[in-house]
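What follows is calculated from the coordinates using simple rules that are stated; it is not laboratory data. Note that this is a predicted model, so its numbers are computed, not measured. FYI the Cβ positions are ideal-geometry reconstructions off the backbone, even for glycines, and counts take in every protein chain you see.
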Ligand code: HEC
């Protein structure tokens, strides 16, 4: 009887450990935690293009080429990849978005886009800011 009690305890521990692990995996993607890693200097950077329509159009093209496979053609997300038509993206500073594009959030599956010229990352930010 005693050993039976112990093994039930062990089972409960293992199962709750597994549940915690699954919960932490789900919480990680799209929880906005990356924002807490953005240095103050990057956060306040201004987009040289801002809401320039030519930059938005160039950004839309780059988005179709590089991002839509995960975030969907219309930016509403696909297969566990987050939607970009959210309050977080609307209220993020341009600098925060550009920082994420440069550094990625690799652990959670968001690649770094540092191989794109900086100008193209700002065009992508202009496009992201045009999403409602
Ligand atoms: C391989 C799949 C993949 C590709 C390609 C990809 N992303 Fe992501 N993206 C992700 C994942 C996964 C996250 C969630 C990361 C996190 O929460 O830490 C994410 C997060 C984001 C976020 C932040 C969303 C939020 O609400 O926190 C933005 C903005 C973003 N991506 C823009 C882009 C842009 C722009 C491109 C193209 C240059 C791109 N992504 C390409 C997978 C991808």
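How far is helix 53-66 tilted off the main Cα axis of the chain, in degrees rounded to 10, range 0 to 90?
40
For residue 115 and residue 88 in the same chain, what is the full-extension length gain: residue separation times 0.36 nm, less their Cα-Cα distance, in nm?
Going from the current span to full extension adds 7.2 nm.
Could you tell me how many degrees, from 0 to 90 and to the nearest 10, lie between the Cα long axis of helix 118-130 and the main elongation axis, the longest principal axis, of the Cα atoms of the chain?
Once rounded, the angle reads 80 degrees.
Round to the nearest 10 and give me the degree value, 0 to 90, for the angle of helix 2-28's Cα axis relative to the longest principal axis of the chain.
0
Place a label point 7 angstrom from the Cα of residue 132 along the Cα-to-Cβ direction, then list the residues of segment 54-84 whose backbone nitrogen is under 13 Å away.
none
For residue 29 and residue 76, compute 0.36 nm times the residue count separating them, minus their Cα-Cα distance, and round to one decimal in nm.
15.5 nm
Ordered by packing density, taken as the mean number of other Cβ atoms within 10 Å over each peptide's residues, highest first, how do 52-60, 71-79, 37-45, 118-126 rank?
So the peptides 52-60, 71-79, 37-45, 118-126, ranked by packing, come out 118-126, 52-60, 71-79, 37-45.
Using Cβ counts within 10 Å as a stand-in for footprinting exposure, how do 129, 107 rank, fewest first? Don't skip to the answer; put the middle values down first.
Values: 129 21, 107 10.
Taking fewest neighbouring Cβ atoms as first place, the list is 107, 129.
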